[in-house]
Structure formats: structure tokens, C-alpha cells
Amino acid sequence: MVVNIPALISIIIFYVAIFIVGIVAGRKSARKTTTDEMYLASRNKGMCIAFFTITATMVGGGYINGTAEMMAASGLVNSLAPVGYSLSMLIAGVMYAPTMRRNNCVTAFDMYQRKYGRRVGGLLFFPQLCGDIFWTAAILSALGTTVALILDISDTLAIIVSAFVAVIYTFLGGLVAVAYTDVIQLLCMTFGLFLAFPFAMHHPAVDLSRVSDTWIGHLDTRDLGSDIDTWLLLVLGGIPWQVYYQRMFACKTTKITRVATTFAVGFCVVLTIPSAVIGVIGKAADWNQTSYEGLVPLPKSKYNAILPMVLNYLCPLPVAVIGLGAVAAAVMSSTDSCVLSTGTVFAKNIYTDVFRQQASVREQIWVLRIAIVITGIIATVLAIAVTTIYVLCSDLLYIVLFPQLTCVLWFRPSNTYGSLMAYIFALVIRVASGEPLLGIPAALKFPMYDDTLGQQFPFRTVTMLISFAIITGVSVLTNCLFKRGILPLKYDVFRCIEKESVRFEKMQDVMNNPQGEMTQNKQEATALKNGEETQML
């Protein structure tokens, strides 16, 4: 193996630049370090920074590599992820985030804990934890593949260095450092991707007429059920992702949240264009005319590396290096987002709200930093060891957290009993449905099940709807049983009826003392009233 020295030097310069920006931003944040500064950058982000950081959070290494892979393997009509995830972020930014922002949430899990209790609300952190860790592992793995091809160095080394840089500046500066580095990363990503594909397109080995009839792809009616399931998973499964809300809650106003998210979604779609074109170019290339020495035509197992292959074999070296910088920027922008998201929820909603409600600011910040480091280490190890384990975690966000978040915001009768029962049943049904990539056999076989292809019925969506039905049904039933005295209140172990009565009394306090001095009780009641009015919109 001969290391590509010029390319290696260039990528080191890029990493050092990102590291310096993160450290400088981190030191700026450290002068006024508070939990609000670390978690949400003091809720002070204007339109420009909000746009950059929301976009960079979405467009990661998995996003651009995955788009190229699907375009090469299955064509345009099967490349669902960019549009699906973009719609997901748009719905989250326009509908969900403003609702929680007006309720002064630090994380999305604040809503669960306020309504369902600290411990049950904290239990919902598990699907989010899996999603963040395994998604981070997947995008770090994508970077390792790219670097190994272009620089001729170990992909393990590339994964470790990238994770180290992202974790260190996130450790020091929290969301402030992440937001400023997102600006640099998004600019590098945009320039690198749009620079690379015209060079690749004009390489002598590329003849686009070879794919003129196949680049659009086709839909197999036999896969219609699983395609619908996947599409809804992409659109609705991304809505409860905390990594979005951390940026959206950091905006100065809810208006900025909505507008910045809308522009970010548009730009995310724009950034899929070069990745999609690169996928088509990779499919149209005659690899025998390049220095590539592997199997020709490319086996589908190689399509996951189509983007780095196009950069390496169809672009001049300087362009390939710049393209590599774009991939590295995309990876780090998503890595820092995920580790910060996990650290924030653990420090705020688990450690402080559940175990140490009297924790000092300094203690919370150090718990956040330790959680960031541990999350980064776990994701790095998984990125080196495995490549497919993150698949199941997207399902958990869809079937568990999407119904939970929707009900806690807009279904007022929902209570802890309904939430907990839905959580348990959704997990059991999903595991029983099987997952071939993880070697889990299907104990529960839905209609249209195929012994070779597995579940062809939209079983994830059915599980999600069952989860919705359990939350609403069990909540209404238990409320009715306790309020009508069919079940004595002593059996209300989660004190749902008592909590509802307290909320009502606090609102009455506001209504009966409109001119009096604002007491703490009235402050809480006002916030509660605003929250309930928001839920009714």
C-alpha cells in the first residue's frame, strides 16, 4: 500500500482547519459556560447560522453516499431517502418544533417527562440512543470507505481521526462549536460535490447512453407493500429525531425556526443533485478503461462505495481530494450533531431530571462532556466492527417515538399507562417481526410473507398504528376508570389523575387572580396554559 501523500496532506489541512474553528468557538463558549449555552447556544441563533446548522445536520456522509449508491443500484424512483428525510425535517420544523419551542423545551424528551413522569419519559430515551449511536457509526463507516480508496490508508485510522476531531470540539464548545463548524463544513461540502461531478462526467470512460434507459429505474408491484413501508418510515420516522430539535430550539424565535428549516430543506434537495449524478456516472462508466482492478461489471456489493470510486478513478487528483473533503465535512457535521444530541438528553433528561435533580451547572456540563466522549467511542467501535446494525434503530424511532411524540403534543387525554403499554407492545411486535440483517428470524409473519424476501407487508406502519391505538385507547380507558370511581385512586400508581387535578388548579389560580402578583404557581400555570393551547392548535 502506497500512501497518497499530496491527498493526505490536503485532508490533514482540512481537518486542522475544522479543529481550529471548533476550538475557537469552544473557547468563546467556555467564557460563559452554562447548560443553556452548551445545550442550545443560549437560544440565540439567527436565520443564517440556523440555516447552515440545520442543513449540515441533515446532509451527512450517509446521505450523500447513500444517494449515489441507490441511484447506481436502483435508479431515481427507488432513491427515496433524500426526499423522505427532507419532508421529515420540514414537518418537524414547521409543526412539531414550534410547539415544543413555545413550551420552552430544552429537548423533545421534556414533553414526555412533563406529562408521563421523569422515569417513564426517560425510558423513551432508549430508541433515540440507539438511533444516534448507530447512525453515527454508519456515517463514520462511509467515511472510512472513501478515505481508504482515495488516500490508500487504513479506513480504521480515518474513522478514528474523524471521530476524535468531531468529539473534541463538541466536548469543548457544545452547540456553539458545532454550529460554527457546520458553516465551514456545509460550504466545503457544497463546493466539493458540485466541483467533482462535471469532471467525472467528462471522463473518457463514461458514456451516459449506457444508462439512458435504466437511470430512472422501475417499481416492482410485488414490492409495493415494503416500498410504502419504507417511504413512511423515512418521512415519519425522522420526525422524532432529537438531533433536529436541538438546532431548532436554539433559534431566537419560532418564526426563524420555521423559515430556516424551510430553506434548509430546499438546499438539502439541491445537495442531492451532485450525489445522484455521481451515482449515474458510476453506473455508466466502463471501469476497464480506468485504473480500477476489481471485478467488472461492478457487483452490487460495490455500489456502497460508488461515490469514492468515482472521485478516485474518474476525477483528477486535486478534484478527488476536494471531493474527499466534502465527504469528510458531511461526516463530521452529522457526527458532532449526533454525539451532542445523545449527550444532551442523557445529561438533562436522564442524569439531572431522574437521578440528580439538584445537580449543579458545572456537574451537568461535565456529565454532558463525558456522555459525548462515551457516545463517540461506542460509535467509532461500531463503525469499525459492523456496518448494518443501525437499520433496526430507524424502525424504533418510527414505531415507538413517532406515536409517542405526536400524542404527547396533540392528544390531551394521553397518559403514562397508554405510553408505557404502547412502548412495550411496539418493541415486542417489531422484534417478533424479524430482521434479516441482524439474523433475527420472523416469529410473527404478516400477510404476503415470503420465506426468501421476508416481510412484504407494510408491517412497520401497522406496528406504528397499533402503537397509536394503544396509547389513545389505554389512556382514555384508564382515565375513565379512575374518574368514574370504577377503580380506586389508590391504584393510580403513576398519579395521572392527581397530576391532571394539579394542572387544573394551577390554571384556576391564574384565572382567579388576574391582577395579583405573579407567583411561582401562576408562572407554571401560565406556561401550562400556553402549552395546552398550543396542543389544541
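If we sort 205-216, 231-242, 429-440, 100-111 on the protection proxy, mean other Cβ atoms within 10 Å, highest first, what's the order?
Details: 205-216: 13.7, 231-242: 23.0, 429-440: 15.7, 100-111: 21.1.
My ranking of the peptides, most packed first, is 231-242, 100-111, 429-440, 205-216.
How many angstrom lie between the Cα centre of the range 32-56 and the Cα centre of the range 189-257?
About 26 Å separates the Cα centre of the range 32-56 from the one of the range 189-257.
Go ahead and estimate [θ] at 222 nm for the chain from helices alone: -39,500 (n - 2.57) per DSSP H run with n ≥ 4, summed, over the residue count, rounded to 500.
Numbers: 22 runs with 370 residues, N = 537.
Computed mean residue ellipticity for the chain: -23000 deg cm²/dmol.
Place the peptides 83-89, 178-184, 294-300 in order of packing, highest mean first, counting for every residue the other Cβ atoms within 10 Å and averaging per peptide.
Ranked by mean Cβ neighbours within 10 Å, highest first: 178-184, 83-89, 294-300.
Give me log10 I(q)/I(0) at q = 0.15, 0.16, 0.22, 0.27 Å⁻¹ for the range 92-169, Debye formula, one equal scatterer per alpha-carbon, no solvent.
-0.72, -0.76, -0.96, -1.15
Using a simple charge model, +1 on the beta-carbon of Lys and Arg, -1 on the beta-carbon of Asp and Glu, nothing else, what dipole does the range 5-399 show about its Cα centre, in debye to the nearest 20?
Details: 25 positive and 20 negative charges, 380 e Å.
It comes to approximately 1820 debye.
Under the 0.36 nm per residue contour assumption, what length would be gained going from the current alpha-carbon distance of D450 and V24 to full extension? Intermediate results must be reported in sequence, preceding the final value.
Numbers: separation 426, 0.36 × 426 = 153.36 nm, distance 5.56 nm.
This chain segment gains 147.8 nm when fully extended.
So if R0 is 56 Å, what FRET efficiency would S301 and S360 give, r being the distance between their Cβ atoms, rounded to the nearest 0.05?
In this case the efficiency is close to 0.60.
Work out how much length T262 to I12 would gain on full extension: take 0.36 nm times their residue separation and subtract the Cα-Cα distance, in nm to one decimal. Don't skip to the answer; put the middle values down first.
Details: separation 250, 0.36 × 250 = 90.00 nm, distance 3.42 nm.
Fully extending the segment from T262 to I12 adds 86.6 nm.
With N set to the residue count of the chain, report its C-alpha Rg divided by 2.2 N^0.38 Å to two decimal places. Before the final figure, lay out each step's value.
Details: Rg = 24.4 Å, N = 537, 2.2 N^0.38 = 24.0 Å.
Working it through for the chain, the quotient is 1.02.
Calculate the all-directions average of the projected area of the range 1-142's alpha-carbon convex hull, and give it in nm².
Details: hull surface 51.1 nm².
That works out to 12.8 nm².
Read the figures in this text as sums done on the coordinates, not as results from a lab. Predicted, not measured: the structure shown is a model, and the values here were computed from it. All Cβ positions, glycine included, derive from the backbone under ideal geometry; neighbour counts span all protein chains shown.
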